[in-house]
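The next block holds one structure in the form of structure tokens; read it before the comments.
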Amino acid sequence: RWPEAASSSVSNGEQLLARASFHWALYEQALLRSLQDLLAATTILPGFAQAWRRAGDALSEMRLLRSAMEYYQVAARLDGSLGEDMAVLVERLRVMELLGKNGGAKGLSAEALLSLLDE
């Protein structure tokens with residue numbers, strides 16, 4: 001595509017890895033910013049259950065499982081119609097947390113185990 005790319009000594013695999021790393025960093029930055037906004041929303045509107053639920057979603061995505069469970073539980077207390085959905089999410093996070101701890105004890109990376117469970 002680009003003349004300088006043809007003469008580059010960087011392999012296609014290295015370029016692909018660099019692009020993927022860059023896009024992952026952008027994703028993490030966007031996630032962090034959204035979490036900051038959601039945490040502010042829970043402070044400004046403490047009775048708004050959806051802010052607590054969405055903050056739990058962001059915390060879960062960042063692998064802050066214990067905090068995510070707490071936010072989901074608050075959302076369920078604020079809005080009874082979320083109770084069943086939040087209970088399912090909290091239980092899933094508890095299992096993920098347990099698997100992460102057990103895997104770590106056996107020398108496996110908790111992050112690798114949790115990433116396998118995402119799908």
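The values are calculated or read from the model by the stated rules, or taken from the named source; none is laboratory data. Quantities reported herein were computed from a predicted structural model and do not represent experimental measurements. Methodologically, a virtual Cβ is constructed for each residue, glycine included, from the backbone with ideal geometry; neighbour enumeration extends over all protein chains shown. The protein model used for the area step is the full one, side chains on, heavy atoms only, and it has no ligands, DNA or RNA in it. Shrake-Rupley method; radii C 1.70, N 1.55, O 1.52, S 1.80 Å.
Laid out as a table, the results:
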| read-out | value |
| --- | --- |
| Rounded to the nearest 10 Å², the accessible area of Glu91 at probe 1.4 Å | 90 |
| HN-Hα J in Hz across region 85-100 - Karplus 6.51, -1.76, 1.60, θ = phi - 60°, x for Gly and Pro | 4, 5, 4, 5, 5, 4, 5, 4, 5, 4, 5, 4, 5, 4, 4, x |
| Amide H within-cut-off set for Phe48, under 5 Å, with H built and near neighbours excluded | none |
| Solvent exposure, largest accessible area first (probe 1.4 Å, DNA, RNA and ligands not counted), of Leu82, Leu39 | Leu39, Leu82 |
| Solvent-accessible area of Arg19 with every protein chain in place, 1.4 Å probe, in Å² to the nearest 10 | 150 |
| Net length gained if the chain between Ser34 and Leu17 were fully extended (0.36 nm per residue, minus Cα distance) | 3.6 nm |
| Pairwise FRET efficiency - Val88 versus Leu45, Cβ, R0 = 25 Å, nearest 0.05 | 0.50 |
| FRET E, pair Leu78, Leu26, Förster distance 25 Å, beta-carbon r, rounded to 0.05 | 0.20 |
| Asp85 accessible area, assembled protein chains, probe 1.4 Å, Å² | 90 |
